[in-house]
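What follows is one structure encoded as structure tokens, with my remarks underneath.
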Amino acid sequence: MTLALAFTTVTLLAACNSSDNYIYVGQAQTTYHDTLISVEVKVTVSNNKLTKIEIVDADNAGSTASFTDTFKAGAQAFADTLVGKTVEEVKALKVSYDENSNTLENVVTGATISSNLMVEAVQNALNGKLPVQEGGSGFTTDQGEDLFLKQCEAAGISVHAYEDPNAPIYEAEGEVAPEDVDVVTGASGPDSDYYPGAGSYQTYEYMAKRFAMKYYYSVTWVEAKQAQEGVTAKTLQEAAALPNAKYIRAEFPNDGKDYSISMNGNSLSSKTLITQDAEGNMTAAIYGMGSITEKDGAYYVSATVTVKDTVHNLLATDKALLVVYEYNPTSSDKMGAGTRNFDCRLVLELDRQQSMMSNNSPVGDNKTLPEGVTYVRFVLKVTQMWTIG
């Protein structure tokens, strides 16, 4: 019987106290006779071998409790057969929800679905992209082996030791004296001592530092279409000399082809630009990385916006509010960088001379756009920074 895969959830990894022992959490879902089936697992790995697999949660929407219990029993029985295997062996297993093409070993009759779903959940856990330290306050990258470093050392080639590309992201900003706090308590009043010292950016300088940060979820070797000096590598010696070689753990293919290092990341924070028209009607627009620059002690946010309500509102009022928001779902702590909520609100004023239309002309005094203009690259001066409030 064939099952339609619904979706798979990217997972979290929690590093335990031992440097050799890790706990990974993963989820997977599929459908069976129009019933959504999901499972969440916790996988313990020690010295690169799976030592324990536990079902944290299992759900079969619309099914009976007895069916759920049967599903969990079959899933756990198969999961126990994976204990003792290496991480690589488990990652190499092929999942198939078609009973006629199932290739997994040790699958008992009636447990094909649950067995394959368990494999997928375990693989998702082991391939987790957003690992967090136990306790939830410090993100790090994958705790896998430094295979590239070992490969170079075995060949007698000098290479930088691995560095976490995300390491600076969650460094605490340190103590900020009350007189040095830039934020204005927009919700709690000027006498509040809670919000400025809790989950909010506290100074313009620190806000600017975090504004354009990325979280790198994947650093891998990719085959290059053409060689480019200093960017691609054909030999291990060349690979070790690449500028981003210190960020990669994966073994270099070393097969005579040209490879470059792909670093994929997303913005660390979400950014919502809120504007209103002359009558007070509000519009909220979410946009990507953006950029922020400092000039003569003032900070400027840039945002390229296609011709929509946000553009018309800015031209009409010259004002905007930007909510910069980081959310860490693994933490209940509310104090400092990397905690559950960490963010600020920026009060912005349109800089008409620096803002440019798609025809390469400054916005200037225009309250409406000339015909043919399709977007505007706005430059907005930060006039105030408020806490989350």
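The values are calculated or read from the model by the stated rules, or taken from the named source; none is laboratory data. This one's a predicted model, so the numbers in the text were calculated from it and none came from an experiment. All Cβ positions, glycine included, derive from the backbone under ideal geometry; neighbour counts span all protein chains shown. The protein model used for the area step is the full one, side chains on, heavy atoms only, and it has no ligands, DNA or RNA in it. Shrake-Rupley method; radii C 1.70, N 1.55, O 1.52, S 1.80 Å.
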Quiz prompt | Length added when fully stretched, residue 325-residue 216, from 0.36 nm per residue minus Cα-Cα | solution = 37.5 nm
Practice problem: Within the set of other residues whose C-beta is less than 9 Å from the C-beta of residue 161, count the net charge using Lys and Arg as +1 and Asp and Glu as -1. | Solution: -1
Self-check item: Cα-projected label distance for residue 241 with residue 254, points at 7 Å along beta-carbon direction, nm
Solution: 1.8
Quiz item: Just how much of residue 312 is accessible, in Å², when a 1.4 Å probe is used and the result is rounded to the nearest 10?
Solution: 90
